[in-house]
Structure formats: structure tokens, C-alpha cells
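> Let me give you the structure first, and then I'll get to my questions.
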Ligand code: GZL
């Protein structure tokens, strides 16, 4: 009798164990390697690279906000090469991630891989930079208005040189060739500045958004142009590299040659507070939390806004000195 009771209870325990596994498998969640069910969302993210202080802050924001949102993040750094980003996106398609997001290093050349993601029924979100592909190939684009950033810097130049009687020689350090921020910041700035015939852009060249290249290009421009009044650098990092070149040429940045930039990362804000920069238009890298919200909206069947423009401001030297102690990056 006792043996029969023991056998019956063992069978009952075994039946319960199997049915709970079955329940996990049928709950619609994918069972993980451990055999437990998981409803976690997996996001595959392809980052441009690590070319600037802005990019570091952007990467930190994404890497910190994924676990905070309960999202499994697969992250890749493309070292500023489009082919690496395309390979990463293809890998995420193979891995059947739930959502793909990326910051496109340049505007063109994405149609094929975006169509592959669409064919695999994996939604794509753009962050930071735009592409020229058909908007039906991505669900949402969150990032700054780069034309507006260029206009904010251009307006500062118009305001500060409106009474200039002699020509004002301007140098422009452009961002990565073919990148949306480089194209649009140049358009915003140049279209405004050319409304004052005294303002002359005497040299405009790419510094690839890096300090090293910004310094190298500025060294060559300084050698070729004895009279430079103002530098517009498309990001703080190129501005810092150029600032070093200006000092090594025996000139005072912020005084002999004024420097205006875009981003407002810590080192740029410090240069502004120290009087070596003269004005910065902010470009927020803190896109992580909003990206995770968009991913969760998509997975819960909602349709996020197609275009989300990040909120930003501008800084003078005084405002930078006041803001620095509380800056997050
Ligand atoms: C702008 C971003 C740019 C930054 C640079 O959203 O794409 O790339 O301005 C960064 O600092 O390298």
C-alpha cells in the first residue's frame, strides 16, 4: 500500500513538472537556454564609433538605459565604417532580434539592408543621424535638428559681427563627409552667414568630428591663412583640436581667433567657461531613455512618432560657467 502511494505521488510530481515547462513554452515567450520562458525584448544597436565626447556620452546613455528598461541590448561599434554597420545589422537580422536601432554614419547607402530588415519583419529605429532611404523602411527617427544647430551658431556670428567694417575671415571645420550633421550644420550656418557680405568663409574642410583630425586640418589652414578671425567647428572635439593648433601657432583662442562649436560636451563647455571658446549650440547625446520607450511602444503594438526632435539650448561663456557643475556629460 505504502509503495503504491509513493509511486502515485512521484507520478503526480513528474506530471506537474512537465506541464509547467509546457506552460512556459506555450506562453508565447521564447524559452531561453536555461529552459525558462522569457518575454524580454532584444534590441540590436549599431553605433557609429567612438570618435568624440558626444559619441561616448551617447553610447553610455544607450548602454545604461537598456537594462533599466528591461531590454536585452546587443551593441556594436562600427569604428566609423558604414560596411561595419551594415554587417552588424545583418547579424541582428540573423539573430532574429526584436528591434534594430542604429545611428547611420552617413546619409546614403542603406536601402538594401533596410529592405532586408523589413523582409525579416524586424522594425528599425534611427537615432541621432538621418538616412536618405524611403521613410517606410524605418519606424521612427529620434535626433536633433542639425540645420537649426547650424543656424543658432550662424545667428551668433551675425549678431556679433553686424557692425564689422572690414571683412571677417571665417574658417569652417566640417564633420564626417556625407554625415547628416555635417551636411545640415553647414547648410544652416552658411545660408545665414552669407547674408552679410563682410563675412567670408575662406576655408571649409572636414575634420571627421575628431580632435586629432581637427587639429591637423587647422594647422594646415593656419599656415595658409595669416588672417583668421573666427572658427566654426561642427563639434566640440574638432574645436578643441583646432584650439591646440591655434595656441601652438602663438595665437589666443577665443580672443585672436574666436571659436564657435556644436555639442556642449564637458570639455567644450570647460573651454567655453575658460574663454577659449565663444559660443556653443547644444546637441543632446542622451537619447537612450527615449529610444527604449520607442522600442517598448513598438513591441506593445503601438506606433511611435515618426520624427522625434530632441530638445536643446545654447551656451555663452557665462552660461557655461554656471551650467558646468550640473552637467551630466
Ligand atoms: C550629432 C552627432 C555628431 C556629434 C559629434 O548628433 O551625430 O557625431 O555632433 C559626433 O560630436 O561625432
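The values are calculated or read from the model by the stated rules, or taken from the named source; none is laboratory data. Model, not experiment: these values are computed from the prediction. With ideal geometry, Cβ positions are generated from the backbone for all residues, glycine too; neighbour counts draw on all protein chains shown.
> Here are the criteria: (1) closer than 23 Å to residue 79 by Cα; (2) within 11 Å of the ligand (Cβ to nearest atom). Tell me which single one residue 149 does not satisfy.
The number of the failed condition is (1).
> Cβ-Cβ distance below 8 Å, separation of 6 or more or different chains: which pairs start in the stretch 206-225 with a residue that is assigned by TED's automatic domain parsing to the domain that holds residue 179 and more than 9 Å from residue 245 (Cβ to Cβ) and end on one that is outside any helix (DSSP H, G or I) and more than 16 Å from the ligand (Cβ to nearest atom)?
224/203; 225/169; 225/171; 225/202; 225/203
> Would you call residue 300 out of contact with any strand residue (DSSP E or B) (no Cβ under 8 Å at 6 or more places or on another chain) and within 18 Å of residue 185 (Cβ to Cβ)?
no
> If only one of 193, 168 is in contact with a strand residue (DSSP E or B) (Cβ under 7 Å, 6 or more places away or on another chain), away from the ligand (no atom under 16 Å from the Cβ) and touching a residue at least 40 places away in the same chain (Cβ under 8 Å), which one is it?
Values: 193 fails: touching a residue at least 40 places away in the same chain (Cβ under 8 Å).
Among 193, 168, only 168 is in contact with a strand residue (DSSP E or B) (Cβ under 7 Å, 6 or more places away or on another chain), away from the ligand (no atom under 16 Å from the Cβ) and touching a residue at least 40 places away in the same chain (Cβ under 8 Å).
> Residue 293: assigned to a helix (DSSP H, G or I), in contact (Cβ under 8 Å) with a residue 60 or more places away in the chain and within 13 Å of the ligand (Cβ to nearest atom), yes or no?
Numbers: assigned to a helix (DSSP H, G or I): yes; in contact (Cβ under 8 Å) with a residue 60 or more places away in the chain: yes; within 13 Å of the ligand (Cβ to nearest atom): no.
For residue 293, the condition - assigned to a helix (DSSP H, G or I), in contact (Cβ under 8 Å) with a residue 60 or more places away in the chain and within 13 Å of the ligand (Cβ to nearest atom) - is not met.
> Working only within the stretch 305-329, note down all residues that are under 18 Å from residue 62 (Cα atoms) and in a loop (DSSP other than H, G, I, E, B).
310, 311, 327, 328, 329, listed by residue number.
> Tell me the residue from 324, 272, 287, 222 that is touching a helix residue (DSSP H, G or I) at 6+ places or on another chain (Cβ under 9 Å), modelled with pLDDT of 95 or more and under 26 Å from residue 100 (Cβ atoms), please.
Being touching a helix residue (DSSP H, G or I) at 6+ places or on another chain (Cβ under 9 Å), modelled with pLDDT of 95 or more and under 26 Å from residue 100 (Cβ atoms) holds for just one of 324, 272, 287, 222, which is 287.
> Next up: Inside the stretch 1-107, counting only helices (runs of 4 or more DSSP H) that do not spill past its ends, which hold 2 or more residues that are within 30 Å of residue 236 (Cβ to Cβ) and modelled with pLDDT of 50 or more?
Numbers: elements: 2-26, 53-68, 82-94.
Here the list reads 53-68, 82-94.
> Scan the stretch 260-290 residue by residue and report those that are in a loop (DSSP other than H, G, I, E, B), within 15 Å of the ligand (Cβ to nearest atom) and buried (at least 22 other Cβ atoms within 10 Å of the Cβ).
Of everything in the stretch 260-290, those that are in a loop (DSSP other than H, G, I, E, B), within 15 Å of the ligand (Cβ to nearest atom) and buried (at least 22 other Cβ atoms within 10 Å of the Cβ) turn out to be 264, 265, 277, 283, 285, 287.
> With respect to the numbered conditions (1) away from the ligand (no atom under 14 Å from the Cβ); (2) surrounded by fewer than 22 Cβ atoms within 10 Å (Cβ to Cβ), which one is the sole condition not fulfilled by residue 329?
(1)
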